[in-house]
1. Report the rotationally averaged projected area of the range 1-123 based on its alpha-carbon convex hull, in square nanometres.
2. If you take the charge dipole of the range 21-105 about its Cα centre, with +1 on Lys and Arg Cβ and -1 on Asp and Glu Cβ, which of Leu25, Ile98, Phe78 is farthest toward its positive end?
3. With springs connecting C-alpha atoms under 10 Å apart, model the chain as a Gaussian network and identify which of Ala198, Ala24, Ala82 has the largest mean-square fluctuation.
4. Over the alpha-carbon set of the range 88-163, divide Rg by the Kirkwood Rh and report the Rg/Rh ratio to two decimals.
5. If contacts are Cα pairs under 8 angstrom and at least 6 residues apart, what is the relative contact order of the chain in percent?
6. Quick one: give the max-minus-min coordinate of the C-alpha atoms of the chain along each principal axis, largest first, in Å.
7. Charges on Cβ only, +1 for Lys and Arg, -1 for Asp and Glu, centred on the Cα centroid of the chain; of Thr14, Ala216, Cys136, which one is farthest towards the dipole's positive end?
8. Take the chain, connect every pair of alpha-carbon atoms lying under 10 Å apart with a spring to form a Gaussian network, then pick out the residue of Gly71, Gly102, Gly15 with the largest mean-square fluctuation.
Amino acid sequence: MVDDLPRAVLGFATGATPGPTYRALGTLVAAGEVDFTGVSVFLLDEYLGLGATDPRSYRATIRREAAGPLGVPDGAVFGPEADAADPQEACQRYEDQIHAAGGIDVLMLGIGRNGHVGFNEPGTPFNLRTHVTTLCDATRVDNARYFGSVADVPTYAITQGPATICDARRILLVATGAAKAPAIARALTGEVDEDCPASILRTHPEVRVLVDPDAAVGLGEHVRRVARLGEG
Ligand code: PGA
């Protein structure tokens, strides 16, 4: 894929889910099988108030755990300026940067237990672009492991909005582990509505969903039904 697009614009999620993918890609880079030096990377989201040099920021995390090992130059890693004096302006600037880069070719997403994608929490209007959002308690609890305590997890974040996400040409949604099974089942087999932000992906023409058996548990009957249709 990257060989097809040596100057690809990639969207990278942070969190536990994509780590193995970044490490696997790092192995290919180390073996000289792919070259990411012409690629640029756009973050999916960022905690409000954390500057790019704060090691807890997603910008620093992606540089450390993904872009750096892949050989993407620091200057080609973009994220919302979450420590800007005017966060609303920072959101617009980020939209402009994505646009100026030609849009995102491939966007990698995880999913929250509550069905969020990026930091678009349940109830986020589908037509929102990059915006400031308030994190749900469940999200702050899930991310406390990176901050030491729930109280230290920022309350606000900047995230690509559902409309920004759906502008990506191709999307890869990855979910692993039983804790994600209800969200995956809701997103893929429930109503397409704002109560489950990930459900908007069903309106996108180029989405691949990768789930491990634990995360797929709630899809059992649905998957069997699709398989039967395939046989027919
Ligand atoms: P996780 O987070 O990969 O750390 O489970 C995913 C998400 O909240 O979108």
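1. Details: hull surface 31.1 nm².
With the hull built on Cα positions only, its mean projection is 7.8 nm².
2. Projecting each Cα onto the dipole axis, the largest value belongs to Leu25.
3. So, out of Ala198, Ala24, Ala82, the one fluctuating most is Ala24.
4. In the range 88-163, Rg relative to Rh is 1.00.
5. Details: 454 pairs, mean separation 45.1, N = 232.
Worked out over the chain, it gives 19 percent.
6. 53, 43, 33
7. It is Ala216, whose Cα lies furthest towards the positive end.
8. Comparing Gly71, Gly102, Gly15 in a Gaussian network model of the chain, the most mobile one is Gly102.
Any read-out appearing in this document is the output of simple, stated calculations on the displayed coordinates, not a laboratory observation. Everything quoted here is computed from the prediction, not taken from an experiment. No Cβ is skipped: glycine too gets one built from the backbone with ideal geometry, and neighbour counts run over all protein chains shown.
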